[in-house]
Each structure stands twice: as structure tokens, then as C-alpha cells.
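The values are calculated or read from the model by the stated rules, or taken from the named source; none is laboratory data. Remember, it's a predicted structure, so these values are computed and weren't measured experimentally. Methodologically, a virtual Cβ is constructed for each residue, glycine included, from the backbone with ideal geometry; neighbour enumeration extends over all protein chains shown. The protein model used for the area step is the full one, side chains on, heavy atoms only, and it has no ligands, DNA or RNA in it. Shrake-Rupley method; radii C 1.70, N 1.55, O 1.52, S 1.80 Å.
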Amino acid sequence: MFHPFLTKDIFAIPVFVAMPILISIMLLESALIARRESKYVRELTFIAFSILILLSSISIKTLASSVESSIFMGKWIPPFGIQILLNRSNLAIILLIAMTSLGFVCIETEYSILNPLILLLFIGLLGFFLTNDLFNMFVFMEITATASFGLAAISKKKDSAKAALFYLIPAGITTTLFFLSAAMVYGLAGTLNFWQISTKAIELGGFLAAGLLLPFIFKSPLIPLHKWKVNVVRNSSPQGILFFTSLSPLMAFYGFYKIFENFKVPLKLAYFLAFISGTTCVLASINASSSKDFLSSLVYCSIVNTSLALFALFLNFPGIAFMQIIATVLSEFVMITVYLKPNIFADRGEIPFLIALLSIAGMPFTPSFISKVGIITAFFSASQIFGLIACVVVVFSSIYIFNLYKCFEKREEHVKKARTIDIYERTLKYLIMGFIVSIFLLGIFQTEFYKISVLLFPKW
Amino acid sequence: MQGIMLLCLLLAIGLYIAAVSKNIIKKLIGLNVFVDGIHLIVVSIGYAKNSIPPIFFNGSGTLTTFVAKAVDPLPQAMILTSIVIDTATTALALILIYALKWKRGA
């Protein structure tokens with residue numbers, strides 16, 4: 001019934017689950033009790049993330065010899081027990097998330113409560129990527145959503161609470177539908193564990209497909225659930241902006257992959273979803289080109305790239321889709337951080353921004369070059385309508401790339417002269433530099449990156 | 001059948017209020033009605049007529065007869081978790097509404 005490579009437990013798994021929970025509760029309390037000592041909370045969060053990054057790296061090294069490992073909480077076997085799965089694909093994603101979240105901590109915060117919220121967000125993301133269970137996916141999705149509402153609402157901007165509320169209600173409805181579909185899957189299969197579900201070959205059709213896929217369609221966001229993102233990002237805190245543009249699409253991608261991997265997907269549904277993502281690409285690229293505001297343009301740019309990745313995923317090219325989504329996460333993180341904290345690069349902020357922008361455009365020697373070529377080929381090979389969509393997207397992409405650079409230049413004019421930077425800003429600087437090096441390395445070794453991506457995300 | 005129709009009605013009412021209403025508090029109430037409707041549906045998945053609670057003790061007979069008679073505990077456990085999450089989300093939404101009111105000075 002279970003995977004043949006179900007091997008020994010790894011010491012890091014309980015720590016992965018327990019440590020962020022304990023630290024975030026501790027930090028939350030200390031932030032509430034001792035409001036004046038906000039620096040102390042930030043330092044602790046910083047240390048916690050550094051340890052988590054270290055643990056992820058060690059676990060990847062430990063896993064090099066075996067394929068994957070899992071732990072059953074309380075030694076209860078599914079369907080009653082909770083299974084946490086650790087393999088190279090989710091560990092690689094966790095390492096990326098841990099580093100991105102460290103960047104969240106390093107960005108200056110107005111409120112000390114933001115640090116526990118970042119840890120809570122990290123718990124949710126960690127659980128979401130580690131769990132091998134449909135119900136726990138729902139639980140961790142809700143935890144992530146709760147933390148992200150907080151990140152969106154805590155900003156000093158006038159409409160932040162309103163934007164967060166108008167995100168909360170549809171998010172609540174879509175995740176509740178996911179919960180109902182999970183219960184229906186339990187009624188059909190008698191289990192919620194993904195491995196056990198995959199052995200039953202349940203067909204994903206009708207209401208089941210709608211319920212299971214809606215939260216991810218909302219998070220991506222694909223048409224017609226795409227309106228909320230720009231509004232939320234424009235009114236959000238810096239950490240909220242980073243989450244909604246880089247990590248939320250990654251979550252959606254992984255959710256779609258998990259569902260498509262373990263259920264029997266009819267070809268018509270896959271084509272329908274591909275058509276929706278293609279349409280989203282066109283509309284978002286038009287919006288990104290016409291938008292005068294930097295953040296709006298960037299959000300639409302993120303939507304275009306996520307939709308492209310999802311298009312490849314729906315047409316059964318998960319390796320290419322993974323390459324595209326990783327390139328998007330890295331590039332968006334660099335672009336937003338440089339935009340929000342221009343001082344850390346003194347007056348040379350446009351260099352990392354330009355590298356990230358070229359990476360997102362799909363220039364040669366950047367990781368999205370092969371993925372973009374692959375996706376456009378997939379567009380043309382799927383049908384003539386998709387080919388037409390690809391042409392329109394390519395034209396508008398070039399316009400919005402120029403538009404984004406123009407908006408960034410305007411921002412650069414107002415940047416003050418360089419000042420001394422503290423340890424957090426220095427860490428952020430090295431993090432961005434590390435991301436840029438990763439972009440170059442992934443770009444140079446694209447063929448290897450593609451092979452690894454196919455290995456991590458095989459076809460279903 | 002009547003039960004299912006009632007549940008569908010509850011879901012429709014909740015969804016309608018959450019989607020259409022312009023008042024944020026009403027939207028939140030609609031969301032809660034919708035979530036409660038979902039909870040009832042999930043409970044009904046695990047329900048069986050003339051069944052016993054899923055607690056095994058010495059007087060319950062053999063394990064096989066107990067398993068045949070007892071209701072499925074998993075949907076109930078799922079709902080308990082969902083209720084907790086729903087409460088937290090509602091509390092957060094209320095805080096957001098309060099913050100919104102405070103920011104606008106209404």
C-alpha cells in the first residue's frame with residue numbers, strides 16, 4: 001500500500017515541525033508581553049530561521065543516500081494517522097522558502113508582531129509542503145492564510161484592512177470547498193493519504209475537481225478569481241508583498257501538482273485548465289503593460305509567469321513548469337526587495353534589478369530561458385488557438401518588461417544617498433546576491449537543472 | 001433526501017450572503033453559515049443509522065461487531081479541527097473589521 005522507499009526516520013523531521021511552532025508561540029507571547037523589546041523578538045526570529053536553513057541543508061545531505069523518508073505522527077498509520085513526507089523535491093522547496101522567509105525577517109518592520117506572523121506563515125508553508133495528506137494540506141493552507149491575512153492587514157496603508165478582508169472571504173470559501181471535497185474523497189476512497197488515494201485511481205471530475213482545485217486557482221490567481229491580488233499587494237506590508245508575489249504562486253503550483261499526481265485527471269479538464277491559464281496570461285500581460293504603478297505591474301508580471309508555469313503543468317510538463325516557477329520566485333524576490341530597500345545597494349540598485357528583470361523575460365543564460373522556450377513550444381504544439389495566445393503574450397511581455405524598468409527608474413530618482421547598513425540589511429544584501437548567483441548558475445547549467453526538475457517532478 | 005436539500009439551502013444562503021452583501025459583518029456571517037453547512041455535510045458522510053459511538057470498551061462485544069456498528073470517527077475529528085480553524089479565522093476577521101473601523105474613524 002505504501003511507497004517502497006519508506007525508510008528510516010530522520011532526526012530533523014520532528015524538529016522541522018515542532019521548532020517553528022514552539023518559537024513562534026514563544027515570540028508571540030514575548031511580543032505581546034514586552035512590547036518595548038521588539039528588537040529581541042526580531043533577533044530570535046532571525047536565529048530560528050538560520051537554524052532551520054542549516055537543518056534543511058543537513059537533511060538534504062542526509063537524504064542524498066536514500067530517496068525519501070516519512071514519519072507517522074504518534075505512530076498511527078493512515079487513514080487515522082498523519083504522515084509527514086520528506087523527499088528531495090519538498091526539501092529543496094523548503095530550503096528556498098526558509099531563505100525567502102529569512103529575507104522577510106531582514107526587511108525592516110514597523111511592528112514586532114510581524115516576526116511571529118512570519119514564523120506562523122513559515123509553519124503553514126512547511127506543513128503544506130511536508131504533509132502527504134489531503135486534510136492536513138487544508139489545515140496548513142488555513143494556517144498560511146491566517147498569517148498572510150495578518151501580513152496584509154498590518155500595514156499602515158489606508159485600505160490595508162479592507163483589502164485583507166476582501167481576500168479573506170473568498171479565500172475562506174475556496175478552502176472550505178476544498179475541505180468538503182477532501183471529505184468526499186474520504187467517502188469514496190476511505191482514506192486521505194495521497195499514496196493510498198493514488199492506488200484507488202479516483203477520477204477527478206465535476207464537483208470534486210472544482211472543490212480540490214479552486215483554492216489553488218484562487219492563489220495563482222487564474223481567471224475569474226484574479227481580481228483580489230493587485231488590491232491586496234498594493235495595500236500590504238513589505239512581507240505581505242513578497243509572500244503574495246513569490247511564495248503564494250509556489251504553493252498553488254505544488255497544490256496543483258499534488259492533486260494531478262494522485263488523482264486520475266481527464267484530458268478535457270487538463271485542456272480546460274490550460275485554456276484558462278492561457279487566457280489569464282493574455283489578460284495579465286495586457287494589464288501589466290498598461291499599468292503605471294510599479295507594484296501593480298509587478299503583480300501582473302507574477303501572474304503571467306505563474307500562469308505560464310501552470311500551463312506547462314496542465315499539459316503534463318511538470319519539469320519545465322517547476323523551472324519556470326523557481327525562476328519566477330527568485331526573480332520576483334530580488335526585484336521586490338531591491339525596490340523596497342534600495343539603500344542596501346547604494347546607487348547600484350538597478351544592476352540586480354535588471355538581472356532579475358532579464359531573468360523573468362527569459363533571456364539566455366537565465367533559468368527561465370529553457371522553460372520559456374519549452375512553454376511556448378507547448379503552446380504551439382497544443383493547438384493553433386494556444387499558439388495565438390503565445391504570440392500575444394510574447395508581444396505584451398516585452399512591453400511590460402520595459403514598463404517595469406521605467407517605473408523602477410522613476411523610483412530610483414527619489415532614493416537617498418547610501419547610509420550605513422545594519423546586520424539585517426547586510427544579510428538581505430548577501431541573500432539577494434546569493435539569489436542572483438543562483439539565477440546565473442541555474443541559467444548556465446540549464447540542461448542539468450532541467451534534468452533535476454524532471455527527476456523531482458515526474459509526469460503523472 | 002430532505003436533509004440534503006436543507007443543507008444545500010443552507011450552503012446557498014451562506015454563499016449568497018458572503019458574495020452579494022456589501023456589509024462586511026454580513027459577509028462574515030454568510031461565510032460562517034456556509035462553513036457550518038459544509039460541516040453538517042461532512043458529519044452526514046460519517047453517519048450511519050442505528051450506529052453506536054466509536055468508543056471501544058469491554059462491553060462492546062468483539063472488535064469486528066464493534067467496527068461494523070460504530071460510526072466513522074474521522075469525519076468528526078476533521079470537523080473539530082475545521083471548527084477551531086474557522087473560529088480563529090472569524091476572530092481575525094473581526095479584528096480586521098475593528099481595525100478598518102478604527103482607521104476610518106467611523
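Structural remarks
- FRET efficiency for A:K158 and B:Q2, using Cβ-Cβ distance with R0 set to 51 Å, rounded to 0.05: 0.55
- The range A:283-325 and the range A:108-137 have Cα centres lying 24 Å from one another.
- Two-site label geometry, A:M26 and A:S290: point separation in nm, points 7 Å out along Cα→Cβ: 5.3
- Between the range A:424-446 and the range A:370-391, the alpha-carbon centres lie 30 Å apart.
- Computed lengthening from A:K268 to A:R426, 0.36 nm per intervening residue step minus Cα-Cα distance: 51.8 nm
- Those residues of the range B:16-51 for which accessible area with every protein chain present is at least 30 Å² below the isolated value (1.4 Å probe): B:I24, B:K27, B:L31, B:F34, B:I38, B:V42, B:I45
- A cut-off under 15 angstrom between Cβ atoms defines the neighbours of B:F56, and their net charge, with Lys, Arg +1 and Asp, Glu -1, is 0.
- Cβ-based charge dipole, chain A, positive-most Cα from A:S359, A:F440, A:I320: A:S359
- Prolate/oblate/rounded call for the range B:2-104, Cα gyration tensor, a/c under 1.5 rounded: oblate
- Calculated FRET value between A:A201 and A:A346, using beta carbons and R₀ = 60 Å, to 0.05: 0.55
- Apportionment of accessible area to carbon and sulfur, chain A, percent (1.4 Å): 68
- Based on C-alpha pairs under 8 angstrom that are at least 6 apart in sequence, chain B has a relative contact order of 23 percent.
- Spin-label pair A:L354-A:W76: with each label point 7 Å from Cα along the Cα-Cβ axis, the two points sit 5.8 nm from one another.
- Interface between chains B and A: roughly 2700 Å² of accessible area buried, both sides summed (probe 1.4 Å, protein heavy atoms only).
- Remark: the range A:197-254 carries 26 Å² of accessible area per residue (probe radius 1.4 Å; ligands, DNA and RNA excluded).
- Springs join every pair of Cα atoms under 10 Å in this Gaussian network model of chain B, and among B:K69, B:K22, B:K49 the largest mean-square fluctuation is at B:K49.
- Gain upon complete extension [A:T447, A:S383; 0.36 nm per residue less C-alpha separation]: 20.4 nm
- With R₀ set to 25 Å, the beta-carbon distance separating B:K49 from B:L9 gives a calculated FRET efficiency near 0.65.
- Estimated inter-spin distance, B:V84 and B:F56, nm [label 7 Å along Cα→Cβ]: 2.4
- Summed residue charge, Cβ within 14 Å of A:L192's Cβ, Lys/Arg positive, Asp/Glu negative: 0
- Each of B:N23, B:S51, B:L94 was scored by the projection of its Cα onto the charge dipole of the range B:16-100, and the greatest displacement toward the positive side belongs to B:N23; charges sit on the C-beta of Lys, Arg, Asp and Glu.
- For A:T176, net neighbour charge (Lys/Arg +1, Asp/Glu -1) across residues whose Cβ lies under 11 Å away: -3
- Inter-chain Cβ neighbour count for A:377-385, averaged per residue, equals 0 (cutoff 10 Å, partner chain atoms only).
- Average accessible surface for the range B:2-104: 63 Å² per residue, computed with a 1.4 Å probe over protein heavy atoms with every protein chain in place.
- Across the options A:F449, A:F80, A:V230, the greatest Cα extent toward the positive end of the charge dipole of the protein assembly as shown (unit charges at beta carbon of Lys, Arg, Asp, Glu) belongs to A:V230.
- Value of [θ]222 nm, deg cm²/dmol, for chain A, DSSP H segments ≥ 4, -39500 (n - 2.57) each, nearest 500: -25000 deg cm²/dmol
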